[in-house]
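Derivation of every value follows stated rules applied to the coordinates shown; laboratory data play no part. On a predicted model such as this, the values are computed, not experimentally measured, just so you know. Neighbour counts run over all protein chains shown; Cβ positions are idealised from the backbone, glycine included.
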Amino acid sequence: GQQLNQSPQSMFIQEGEDVSMNCTSSSIFNTWLWYKQDPGEGPVLLIALYKAGELTSNGRLTAQFGITRKDSFLNISASIPSDVGIYFCAGQGGSEKLVFGKGMKLTVNP
Amino acid sequence: SQTIHQWPATLVQPVGSPLSLECTVEGTSNPNLYWYRQAAGRGLQLLFYSVGIGQISSEVPQNLSASRPQDRQFILSSKKLLLSDSGFYLCAWSQGAGNTEAFFGQGTRLTVV
């Protein structure tokens, strides 16, 4: 089945620093999504990408759909304490279901 | 606007007891519906998904079952819970028909004791 490799698994940064994370897949995806999950909550959609090469921003977040359609990255600029949480990538191939990465736990030190 | 409701928020159940978690979506019709399980605060495992009433696809063999008795209602059940069923259960919906942006409920923290 389709699998996503998300890295890094965790990051500890200082407030104000930039963060970069990525996901790779062994198969082609038609859609890449990035989510953030706060403790005890459901994941919240941050950015959706639908075209290879697409670069999309949402405030301090920037995500790209890789040209090969097998990878995507998410950058967070000028991190703030409320950026703390678990970030998930998700991809959709030829079916109606999303495959999720294992998440990247972000800790921001004030 | 669309909303998704999932309840209860937390549940403590003894081993061998039955389970019923309910999820409903408002503000849309014929959504795709999903049940995920998240263990230890990491990784989302897809358990079931449904593209229509009565249509259930199971992703992994397990002690759980799902049903979709109405268009916007998705139920996760078990006849006899196991300790290993403990986890954080998340319901989600998407519009389907090529739109796979999934929106999640608040989750249910299930502890089997």
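Can you give me the convex hull volume of the Cα atoms of the protein assembly as shown, divided per residue and expressed in Å³?
Considering the Cα atoms of the protein assembly as shown, their hull volume per residue is 119 Å³.
Please compute one quarter of the surface area of the Cα convex hull for chain B and express it in square nanometres.
About 6.6 nm², averaged over all directions.
Checking the table A:70/A:97; A:70/A:102; A:51/A:105 against a 20 Å threshold on Cα-Cα, which pairs fail?
Among A:70/A:97; A:70/A:102; A:51/A:105, the Cα-Cα distance tops 20 Å for A:51/A:105.
Can you compute the modelled spin-label distance between residue B:55 and residue A:17, with each label point 7 Å from Cα toward Cβ, in nm?
With each label point 7 Å from Cα toward Cβ, the separation is 4.7 nm.
How big is the gap, in Å, between the Cα center of segment A:31-69 and the Cα center of segment B:33-49?
Taking the Cα centre of each part, segment A:31-69 and segment B:33-49 sit 19 Å apart.
Towards the positive end of the charge dipole of chain A, with charges on Cβ (+1 Lys, Arg; -1 Asp, Glu), say which of A:43, A:22, A:98 has the farthest Cα.
A:98
Work out how far the C-alpha atoms of segment A:17-99 reach from end to end along every principal axis, then list the three figures in whole Å, largest first.
37, 26, 19
Starting with the fewest neighbours, write out A:7, A:72, B:29 ranked by other beta-carbon atoms found within 10 Å of each beta-carbon.
B:29, A:7, A:72
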